[in-house]
Structure formats: C-alpha cells, structure tokens
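Since the structure comes first, as structure tokens, the remarks are kept for the end.
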C-alpha cells in the first residue's frame, strides 16, 4: 500500500527535475532498493503506471537495482549475501550474526529522458 | 539523454519530519512513534503509560487509524489532549499528517508526545514523523518470526516491547528466537518483556521512557 505514496513522491521528484532540466518525456527511471526494504517492485510499478498517466512519465519503465541482504557472522567472520534475512550463518551455522545491508530505502538514481 | 539524480524518494517527507522535530526540540517535547500489527496492544500501552507517567509529565497523544475514533475516545477518557488522524485508507501516518494534527493539540507544557501509528508492520517504518524514538510493540500470539519477516521495522526502532507475556503458557512463542533475530537486525535495540494486562515488566519501559523525557530539555 505504501507503494502508492512512494510512486506519488517519485512523480513529484520527476516533475521537479523536468522543470530544472527542461525535458518533455521520461523513457525510463532507474531506482535502487534493498531486498529487505519491504517495498514491492511490482506494486510500485503498478502504482506508478496509474499515477503517471497523462504526465511526462506516462509509459516510462522502472528499472530496479536490488541491493542484497547482507549478513556478517562474528564466528566465521564472513559476509553472506542473500535475498532474505536469516539470523543463522549460512556458512557455519552460528547464531552470532548481524544484518549489515539490504534495508536501504528506495532511491532514484537516474532518469532516461528526451 | 540520461540525468543522474540520486535522491531519496521520501526526501519531501523527511524534510517535514525534520521540521516537526525542530518544533518538538524547541518546546522540550520528547516524541515517540509507537508501531505494531493491528491488535498488538498499542492503545492499551498508551493507556498504561499515561496512567503511570501522567502525574510526572504532561502527555499528549496523536492517534492514527484508517477510520473510526474509538482509540482517541479511549485515550481522551484519561483527561489528556488527544487528536485523531484518520488516514482514510492510507496504511501509515506521514510527517505531514502529524504536522496537521499538531495545530489542533494544546502543546503547552507537554513533555511527552505519543504518536500511535496505524497497525501495520510494513509501511510505518519508512515514514519519519519527527519522533525521537520509534517503539515497536510485538505481541506473543503473533509469533516469534516477525523480526525476520519485517526486518526494517525492527532495524528502525530504538525499543522493542514484547507484549502479552501473560499469554505465553497458551501460545507457541519462541522468546529466544524473537530476541536473537531482533538483536541480529539491530544490536542497539532495547527489549522489554511486558504485559499490559497484568502490568508485568512495565516498570522497565516506564524507567527508560522517563529517562529519555528527563534528558530532553527545552532549548
């Protein structure tokens, strides 16, 4: 559900950028997002496509750079990347693990425009 | 043509939240954002907290719900300033909603502002309100897998209250797993096991919160 708010904020930023850089059409939007950030790319795409209708971003595609969930194990001192969080080390089975990446918030990286 | 932007999508919300926080700091108000699933006991926690600390500190409450005002009515019975935000379908409160609510609250002499967020383990974690601390309430019937399933919520919180410990004999809640997973996500998380029903463990929470309020002085 929060994807609706996020899509609306994304469109606001695109409009600000359009006023600044004077472009008339957005072809693609590159975004960055942590796998464990609890934003659903498909829901965001849908919310964006509906809200972008009739705007300069109508029909623009969203491309996601997904940041993996990264764990660090204090026992075997290794990093482990995965799609979902686990408090058990995938290498040695230790439970002395911390989450070090993967909850990064949604960020706009680049706009492909005409 | 490609334009490099690099901007946080929630920047506009973050800006409003920072303005709210500046207002709290100026007035010496400590603000907490209470988040949980629906039915975990947020309103009961607010009631208990007001009853326990209301004599020492002036408290105001913002109640967030999708619709209805029954939570605000419960809190208003305690005789403190309360305002209801009805999000009208939105799954979370944002900085702007809190800003709007503040204008209808009498903040004179208020030392603690409690914002009770919409019951939801996903969306509220992302939207800053200007609070000093996020407090996460997890109730034992929900299960111990919640930290691993909703890591962002636990990462963003300063305090985890594990509520409904009075139900532990009747539900399969793995306390050790809940604690382990929550601390793996957030090493700095303060965890208190509580029951709003029989008041067990609440002293720890009151002590922590009082300490935070007392260390917030008017600028």
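At-a-glance table
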{"quantity": "Binned Cα-Cα distances of the stretch B:16-168, short to long, each 5 Å bin given as a whole percent", "calculated": "2, 10, 20, 24, 21, 15, 6, 2, 0"}
{"quantity": "222 nm mean residue ellipticity, helices alone, for chain A (DSSP H n ≥ 4; -39,500 (n - 2.57); rounded to 500)", "calculated": "-9000 deg cm²/dmol"}
{"quantity": "Top of B:188, B:120, B:96 by mean-square fluctuation, Gaussian network on chain B, Cα under 10 Å", "calculated": "B:188"}
{"quantity": "P(r) weight above 18 Å for the stretch B:41-96, C-alpha pairs, percent", "calculated": "33"}
{"quantity": "Mean residue ellipticity (222 nm) of chain B, computed from DSSP H runs ≥ 4 via -39,500 (n - 2.57), nearest 500", "calculated": "-10500 deg cm²/dmol"}
{"quantity": "Beta bridge orientation in the stretch A:2-113: antiparallel %, DSSP, nearest 5", "calculated": "65"}
{"quantity": "Between the stretch A:55-114 and the stretch B:110-146, the alpha-carbon center distance in angstrom", "calculated": "23"}
{"quantity": "Exposure proxy order (Cβ contacts within 10 Å, fewest to most) of B:1, B:153, B:97", "calculated": "B:1, B:97, B:153"}
{"quantity": "Fewest-first sequence of A:42, B:128 by Cβ atoms within 10 Å of each Cβ", "calculated": "A:42, B:128"}
{"quantity": "Three principal axis lengths of chain A [C-alpha, angstrom, descending]", "calculated": "54, 26, 17"}
{"quantity": "Likely footprinting exposure, A:105, A:40, B:214, fewest C-beta neighbours within 10 Å first", "calculated": "B:214, A:40, A:105"}
{"quantity": "Helix A:41-51 vs. chain A, principal-axis angle (Cα, 0 to 90°, nearest 10)", "calculated": "10"}
{"quantity": "Tensor-based shape of the protein assembly as shown (alpha-carbon gyration tensor, a/c under 1.5 rounded, otherwise prolate or oblate)", "calculated": "oblate"}
{"quantity": "Among beta bridges that DSSP assigns inside the protein assembly as shown, antiparallel share in %, nearest 5", "calculated": "35"}
{"quantity": "For the stretch B:109-173: rounded, prolate or oblate by the Cα gyration tensor [a/c cutoff 1.5]", "calculated": "oblate"}
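Values in this text are rule-based calculations from the coordinates and carry no lab data. Given the structure is predicted, the values throughout are model-derived calculations rather than measurements. Every residue, glycine as well, gets a Cβ built from its backbone with ideal geometry; the counts of neighbours run over all protein chains shown.
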